[in-house]
1. Between His188 and Ser87, what is the spin-label point distance in nm, taking each point 7 Å from the Cα along the Cα→C-beta axis?
2. In the Gaussian network model of the chain, springs joining C-alpha atoms below 10 Å, which of Tyr136, Tyr165, Tyr285 carries the largest mean-square fluctuation?
3. Once you charge only the Cβ atoms, +1 for Lys and Arg and -1 for Asp and Glu, what is the size of the charge dipole of the chain about its Cα centre, to the nearest 20 debye?
4. Once you list every other residue whose beta carbon is under 14 Å from the beta carbon of Asp291, what net charge do they have if Lys and Arg are +1 and Asp and Glu are -1?
5. Could you name the lysines whose alpha carbon sits less than 28 Å from that of Lys215, not counting residues in the same chain fewer than 8 places away?
6. Roughly how many Å² of Leu256 are accessible to a 1.4 Å probe, to the nearest 10?
7. In the chain, what percent of the accessible surface is made up of carbon and sulfur (1.4 Å probe, ligands and nucleic acids excluded)?
8. Work out the P(r) tail for the chain: percent of alpha carbon pairs separated by more than 25 Å, whole number.
Amino acid sequence: MTRVFSGIKPTGPVQLGNLLGALRRWVADQDDADTVFCVVDLHALTVPQDPAELRTRTLELAQLLLAVGIDPDRSTLFVQSHVVEHSELSWILECTAAFGELRRMTQFKDKSEGADFVSAGLFTYPALMAADILLYDTDEVPVGDDQRQHVELARDLAIRFNHRYGDTFVVPKATFPAAGARVMDLQHPTRKMSKSEESPQGTILVLEPLDQVAKKIKRAVTDAETEVRYDPEAKPGVSNLLSILGACTGDDPAELAGRFTRYGDLKAATADAVVEVLRPIQQRYAELAADPAGTAAVLAKGADKARAVAGPVLERARANLGLLPRT
Ligand code: AQP
C-alpha cells in the first residue's frame, strides 16, 4: 500500500490555502493509502513563538485536522515533537545536505528577507522536513506548490544517503492538487495566501464567521477588464477566484471561466462554494473543541503508532552510517 505523509505547522489559524492545497487531499488519501499526518510543532520554532499560544495552537490544529476529516482509526495522527526520532534524523540529514542547496531554498529567502532575527533553524528547516518524510518510508507527500522545492530536497537527500551508505530510505515524491495548489491572497493575488502573513482582508480563515468569508471574497481584487478568463499571469485575481471555485467544486478552472460573463457572478459563486466547504468543518470543530482531553488521547495513541514506524527506520540509518548501536 502506498504510504502518504504530510504535515502542517501550528504557526497561525489555518487558512483556505492550507485546506485546498493540502488538507482536503489528506482526507481523500485515507481511502486508498496508508496515511501519516503530523502537526509539525518543531517547524514552528524557526520563528519566535509565544509558549502559551504555541501550546494552544498545536492542540487546536489537531482538533481542526479531526474536524476536516482525518480519522485516527485509519490514519496515524500525531505531534512531531512527541516522536524524538524526527530531531535525531534531522541532524543526520543536515550533515547530508550541502550548505549551497539549503541556501537556494526560495522559502528561506522569502522568510529571511527583512526579518529582524533569522534563526539557524529557519535555514536548516528543510532538513527537518526531509527527516519527517523519510522516517515513515514515505512514497507520496501531498503538499501545496510552495513546498515543491522542499520535497525535491528530501528526494535528493534520500538518493544521496542511499548512494553513500547503502539502501536506507524510500525515495518520496510530492503530489499536487489539480486546482488549489497555490491559493493566492485575495488582496494581493500575486502573493500566496499564508497563515502567518498580516493580510486579514486577503486571507480566509477556515474557522472565521461565514458571512465574513463571503464578504472577503466579494471584495477580492480583480482587474480593470471585464472578461472572465483563466490566465494566472495576466489576470491573477480572477484566476485565483476560478482556482478556488474549481478546488471547491472539482471543476477545471479554465473550463469554469466559460460559465461566467461578470466578475460579480464569479465572486458570488466562489463565496457560496467556499462557505459550503467550510460550514460542516466549523460545525464538527465546535464539537471537538469541547473535548480537549479526547484530542490529547488521540495524539498520544498516534505518537505510539508513529514511533513504531520511525524507530526502526532511524535505526537503519544509524547502522548504515556506522553509529554504534545504543544497546
Ligand atoms: N496558499 C496556499 N495554497 C495552497 N497550498 C498551501 N499551503 C500553504 N499555503 C498554501 C499548503 O498547506 C500545507 C501546510 O502548510 P504549512 O503549515 O506547512 O506551512 P506553509 O506551507 O508555509 O503554509 P503557510 O500557511 O504559509 O504558513 P506560514 O505562514 O507559517 O509559513 C502545505 O502542504 C502547504 O503546501
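1. For His188 paired with Ser87, the spin-label model returns 3.4 nm.
2. Tyr165
3. Roughly 320 debye, rounded to the nearest 20.
4. -1
5. Within the straight-line cut-off, Lys215 pairs with Lys9, Lys192, Lys195, Lys235, Lys267.
6. About 0 Å², ignoring ligands and nucleic acids.
7. Carbon-and-sulfur percentage of accessible area, whole number: 53.
8. Summing the P(r) of the chain above 25 Å gives 52 percent of all pairs.
The values are calculated or read from the model by the stated rules, or taken from the named source; none is laboratory data. Note that this is a predicted model, so its numbers are computed, not measured. Virtual Cβ from ideal backbone geometry, glycine too; neighbours counted across all protein chains shown. The accessibility values were calculated without ligands, DNA or RNA, using every heavy atom of the protein model including side chains. Shrake-Rupley method; radii C 1.70, N 1.55, O 1.52, S 1.80 Å.
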